[in-house]
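Notes to accompany the following structure.
The values are calculated or read from the model by the stated rules, or taken from the named source; none is laboratory data. Everything quoted here is computed from the prediction, not taken from an experiment. We place every Cβ from the backbone using ideal geometry, glycine too, and count neighbours over all the protein chains shown. These accessible areas exclude ligands, DNA and RNA; they are computed on the full protein's heavy atoms, side chains included. Shrake-Rupley method; radii C 1.70, N 1.55, O 1.52, S 1.80 Å.
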Amino acid sequence: RMAGDYACGERILWLHSPAGGSLSEAAACRRVAGEYAAECGECIPEATEPTPPSSGIRVSGRSLLIGDEPFIMKGVCWNAVPRGAVHPPSPENELALATIDAPLMAAAGINTVRTYTTVASVAVLNAFWAHGIYVVNPINPLASDSDIDAAVDATKAHPALLMWSLGNEWNYNGLYVDLPHAECIERIDAAARRIKARDGHPVVSVYGEVPSADTVVALSAIDVWALNVYRYDDFGDLFAVWAERTPSADKPMFLGEWGADAYNSNGNDGAGAEDQPSQAAATTTLGDQIIANLVPNNGGGGGGVCFGGALFEWADEWWKAGKEWQHDVGGTAPGGGPYPDRTFNEEWWGLVDVERTPRLAYAAYRDLVFGSSAEAGAPAPAVSPPPSPPPPPSPPPPSPSPLSPPPPSPLALCGTSSCTAAVWGRMAGDYACGERILWLHSPAGGSLSEAAACRRVAGEYAAECGECIPEATEPTPPSSGIRVSGRSLLIGDEPFIMKGVCWNAVPRGAVHPPSPENELALATIDAPLMAAAGINTVRTYTTVASVAVLNAFWAHGIYVVNPINPLASDSDIDAAVDATKAHPALLMWSLGNEWNYNGLYVDLPHAECIERIDAAARRIKARDGHPVVSVYGEVPSADTVVALSAIDVWALNVYRYDDFGDLFAVWAERTPSADKPMFLGEWGADAYNSNGNDGAGAEDQPSQAAATTTLGDQIIANLVPNNGGGGGGVCFGGALFEWADEWWKAGKEWQHDVGGTAPGGGPYPDRTFNEEWWGLVDVERTPRLAYAAYRDLVFGSSAEAGAPAPAVSPPPSPPPPPSPPPPSPSPLSPPPPSPLALCGTSSCTAAVW
């Protein structure tokens, strides 16, 4: 049954998929049945949980216990809003920033994050839990009963969940809709009781300053209280007043927000300026007061009444006081005001800045010791953690004076005597040379190697930072263990068969090129779904410089064909190679994309393209032993292949309806020496048929699936002999175009347009390139019939049957995606039965579904 633009079952399956948040079956059914009660109400599951399970986390007196161990919170407040975005955070940004932030938090001893919107994504919780970090997860007390139930069910079983929270300084904002105090109490009480009927985790309410004794009594369903307190650099009587108002001593408390911002409005000459030393000093002073007031069995003195706090905040948020693309000052917030100016400069509170560069306060908080208890290490994750990026550069220690000289660089000034301290501190635009290098070396900047970070900055800012280019230390490129042999690509001594896809991480509403955040978020979402279809390679269209993105693919045994722009500067090419050449996910470097059509996208003559590609290939191969591939439109001439002798592998982008014709024979004829492996760089068909009924086009999944099977069978039949093919095979597989729809290509990036142009004979069945409809999965990652068709193609058994076991433990996989329905013999066939068994209730019939 349709519920808006989608059927009830489609909505439930999407919420159950990784793209929709990996909600449990019951939670997905319940949410849809609640939101679309008239259409889907019969799909609400029958109650199966009369007794909430125990979480193993409970209160005892003024302590929070994990098992039988008291827990001390050394936390931070976290809102995943990067520069240029606004609150609330998108799911993509939540996942990207959790992956970036968690290791840097863990390096400072942080064991808890408190968020401001419900974290429904198991992948986000996995990212924190991999580093032993708990999450205080908020639920809106004004949400519907079904939404509260769905929020609880989505993550209640995850080991990273510490507590549920209700409200944020709600006594100031009336739950953000100016409700009277008494009505806030009613709504919070009702929500707390509903949560506790479904789950055993404690429930916390977050209050501004200290609630009255009457308020605490009225909210007896609240297990823990969090207090947001800003009192300059002294909490004063805070702890004594809390003890007085909770004489029964059965309400644990932590500081829900505390700290100081990094901007001092009382600067020199009446102008404000960043003031990291003052922020660090307040962090130390206030943190010491919290430590002194920890409850006795959490390491404090005799009269302690709190179990820690969540410092406000982890990272700057640029959306709060002005334009989200600029760093503004000012803003308002309740409380007495922070040290040293009593002014809430709302965009300057981060321990790290918006680019994740640590401030002095990061080191100050890192160095605070909150005692030894359960906080000393969260219980070992029940799942293997993902590989951590390189440790972040240590922030400098607090300086005794803002005029102190900068600390020496942790990179030993790029390993060259010419990169002096003066050069390191020299300004290159808005940032010093050293700041730029450190950022590129950090996880936020892509975890480039020391040499690569130094080389990139020295190249981009030659006049200011050129002395920091490292001395050459790699006269011989290392072997990657991946090499060519005749027409085969070998990994070790095993022939490799590519069952690949083309991948461009541009979600709905964004445009090419993809942002680093979207690359990481979509790699994390896509990799398990690709692996479930037997995909072992992705071919990208922009250089993947992020180790975290490669980790996400490699955790599922997926290799990456990594492009480099042949027109880039020498230093940029070197930096791109050095950034990821040692990663086990790297299969090959690629140069150009059907460059014979586009002149490397700047209309260069063919001969000049050859020169630039040849030079780039030789430069890459001087630094690294991975093969280099060039991607051509259709079949290059024999002269072109000979001219590009530095190219090890060729990839051909070919669109010939539903038959490759003489493609393989022509390639064999033009490469008689049989020493150039080849794969299909792009092939396939889109999912839109312009030749629809009544002259109008429509989505046509069966035709896309049919073309995928037909063309895939032809590739398999032409695999090189020792890769499982017949006697005359000349290719080792292909990268199907493409993994997911891209909505930016033919019109507005927020809508699904038809049309577009591309070179080639044209796809099946209409010979029309509908550029936004090529995905095996749609933009929301819902599989099409072609996904199943590609999944079911068997490309032989060789190295492709499983990439070498990753050298690092893979991250926990999200639940397997819902299986797409098998290709239907007719678009009029009825839909398959739901893999969720229709929500486990007889009332959710196939008609409702």
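The residues in the range 421-459 that are open to solvent by 50 Å² or more (accessible area, probe 1.4 Å), at pLDDT 80 or above and over 25 Å from ILE100 (Cα atoms) can be counted, and the count is 3.
Sort through ALA552, ALA510, ALA531 and tell me the only one that's in contact (Cβ under 8 Å) with a residue 24 or more places away in the chain, assigned to a loop (DSSP other than H, G, I, E, B) and small (Gly, Ala, Ser). Outline the logic, then answer.
On the way: ALA552 fails: assigned to a loop (DSSP other than H, G, I, E, B); ALA531 fails: assigned to a loop (DSSP other than H, G, I, E, B).
None of the other options fit; the residue is ALA510.
Table: residues versus (1) of a type in the set (Ser, Thr, Tyr); (2) open to solvent by 50 Å² or more (accessible area, probe 1.4 Å); (3) within 16 Å of GLU257 (Cβ to Cβ).
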| residue | (1), (2), (3) |
| --- | --- |
| GLU313 | no, no, yes |
| TRP319 | no, yes, no |
| PRO338 | no, no, yes |
| ASP341 | no, no, no |
| PHE344 | no, no, yes |
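Give me the residue from the range 566-577 that is open to solvent by 30 Å² or more (accessible area, probe 1.4 Å) and part of a helix (DSSP H, G or I) and, out of that set, nearest to LEU529 (Cα to Cα). Looking at residues that are open to solvent by 30 Å² or more (accessible area, probe 1.4 Å) and part of a helix (DSSP H, G or I), I get ASP572. Of the candidates ASN689, ASN593, the single residue that is open to solvent by 10 Å² or more (accessible area, probe 1.4 Å), of a type in the set (S, T, N, Q), within 29 Å of the chain's Cα centre (by Cα) and closer than 18 Å to PHE737 by Cβ is ASN593.
So that you can scan it fast, the table gives a plain yes or no per residue for (1) hydroxyl-bearing (Ser, Thr, Tyr); (2) in contact with a His (Cβ under 8 Å, 6 or more places away or on another chain):
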position: VAL86; (1), (2): no, no
position: ALA102; (1), (2): no, yes
position: SER121; (1), (2): yes, no
position: ALA127; (1), (2): no, no
position: ILE133; (1), (2): no, no
position: HIS158; (1), (2): no, no
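Considering the range 600-625, and only residues there that are under 19 Å from THR540 (Cα atoms) and either at pLDDT below 95 or of a type in the set (Asp, Glu) (or both), the residue that is least open to solvent (accessible area, probe 1.4 Å) turns out to be LEU600. Scanning the range 602-629 for residues that are under 32 Å from the mean Cα position of the chain (by Cα) and farther than 16 Å from SER569 by Cα returns ASP624, GLY625, HIS626, PRO627, VAL628, VAL629. Reported count of residues in the range 626-642, each being under 28 Å from ALA582 (Cα atoms) and either part of a loop (DSSP other than H, G, I, E, B) or open to solvent by 40 Å² or more (accessible area, probe 1.4 Å) (or both), is 2.
Taking only the range 779-811 into account, find how many residues are at pLDDT 50 or above and assigned to a loop (DSSP other than H, G, I, E, B). Give the steps one after another, and end with the answer.
Let us first name the residues in the range 779-811 that are at pLDDT 50 or above, namely 779-797.
Filter again for assigned to a loop (DSSP other than H, G, I, E, B), leaving 779-782, 784, 792-797.
Summing the residues that are at pLDDT 50 or above and assigned to a loop (DSSP other than H, G, I, E, B) in the range 779-811 gives 11.
Among (1) part of a strand (DSSP E or B); (2) open to solvent by less than 30 Å² (accessible area, probe 1.4 Å), where does ARG483 come up short? Checking ARG483 against (1) part of a strand (DSSP E or B); (2) open to solvent by less than 30 Å² (accessible area, probe 1.4 Å), the one that fails is (2). Of all residues in the range 213-250, those satisfying the criterion of being modelled with pLDDT of 95 or more and in a strand (DSSP E or B) are VAL224, TRP225, ALA226, LEU227, ASN228.
Annotation: VAL210 fulfils all but one of (1) at pLDDT 95 or above; (2) in a loop (DSSP other than H, G, I, E, B); (3) over 30 Å from VAL369 (Cβ atoms); the unmet one is (3).
Give the residue that is nearest to GLU25 (Cα to Cα), with candidates limited to residues of the range 95-109 that are without any contact (Cβ under 8 Å) to a residue 40 or more places away in the chain and surrounded by 24 or more Cβ atoms within 10 Å (Cβ to Cβ).
So, considering only residues that are without any contact (Cβ under 8 Å) to a residue 40 or more places away in the chain and surrounded by 24 or more Cβ atoms within 10 Å (Cβ to Cβ), the one nearest to GLU25 (Cα to Cα) is ALA98.
In the range 578-590, the qualifying residues are those that are surrounded by 24 or more Cβ atoms within 10 Å (Cβ to Cβ) and touching a helix residue (DSSP H, G or I) at 6+ places or on another chain (Cβ under 7 Å), and the one that is nearest to VAL629 (Cα to Cα) is TRP589.
In the range 227-246, of all residues being among the aromatic types (Phe, Trp, Tyr) and open to solvent by less than 10 Å² (accessible area, probe 1.4 Å), the one that is farthest from LEU311 (Cα to Cα) corresponds to TRP242. Considering the range 509-523, the residues that are under 17 Å from SER90 (Cα atoms) and open to solvent by 40 Å² or more (accessible area, probe 1.4 Å) include one that is nearest to the chain's Cα centre (by Cα), namely GLU517. When GLY174 is tested against the conditions (1) open to solvent by 10 Å² or more (accessible area, probe 1.4 Å); (2) farther than 17 Å from GLY309 by Cα; (3) over 22 Å from the mean Cα position of the chain (by Cα), the lone failure is (1). Residues in the range 531-565 that are at pLDDT 95 or above, out of contact with any Phe, Trp or Tyr (no Cβ under 7 Å at 6 or more places or on another chain) and surrounded by fewer than 24 Cβ atoms within 10 Å (Cβ to Cβ): TYR541, THR542, THR543, ASN565. Let me confirm something: among VAL203, VAL224, VAL217, VAL210, which residue is open to solvent by 10 Å² or more (accessible area, probe 1.4 Å) and closer than 24 Å to PHE312 by Cα? Selected residue: VAL210, the only one of VAL203, VAL224, VAL217, VAL210 that is open to solvent by 10 Å² or more (accessible area, probe 1.4 Å) and closer than 24 Å to PHE312 by Cα. Could you look through the range 698-742, keep only residues that are part of a loop (DSSP other than H, G, I, E, B), at pLDDT below 90 and open to solvent by 30 Å² or more (accessible area, probe 1.4 Å), and pick out the one that is farthest from VAL511 (Cα to Cα)? If we take residues in the range 698-742 being part of a loop (DSSP other than H, G, I, E, B), at pLDDT below 90 and open to solvent by 30 Å² or more (accessible area, probe 1.4 Å), then GLY727 is farthest from VAL511 (Cα to Cα).
Could you check the range 641-655 and list, in sequence order, the residues that are in contact (Cβ under 8 Å) with a residue 40 or more places away in the chain and closer than 15 Å to THR671 by Cα? Walk me through it before giving the result.
Of the residues in the range 641-655, the ones in contact (Cβ under 8 Å) with a residue 40 or more places away in the chain are 647-649, 651, 653-655.
ILE647, ASP648, VAL649, ALA651, listed by residue number.
Against the criterion of being open to solvent by 20 Å² or more (accessible area, probe 1.4 Å), out of contact with any Asp or Glu (no Cβ under 8 Å at 6 or more places or on another chain), in contact (Cβ under 8 Å) with a residue 40 or more places away in the chain and outside any helix (DSSP H, G or I), LEU142 qualifies.
Suppose we filter the range 643-686 for residues that are open to solvent by 20 Å² or more (accessible area, probe 1.4 Å) and either closer than 16 Å to ARG539 by Cα or part of a loop (DSSP other than H, G, I, E, B) (or both); how many remain? Walk me through it before giving the result.
As a first pass, look at the range 643-686 and keep what is open to solvent by 20 Å² or more (accessible area, probe 1.4 Å): 643, 645, 648, 656-659, 661-662, 665-666, 668-670, 672-676.
Now restrict to residues that are either closer than 16 Å to ARG539 by Cα or part of a loop (DSSP other than H, G, I, E, B) (or both): 645, 648, 658-659, 661-662, 672-676.
The qualifying residues number 11.
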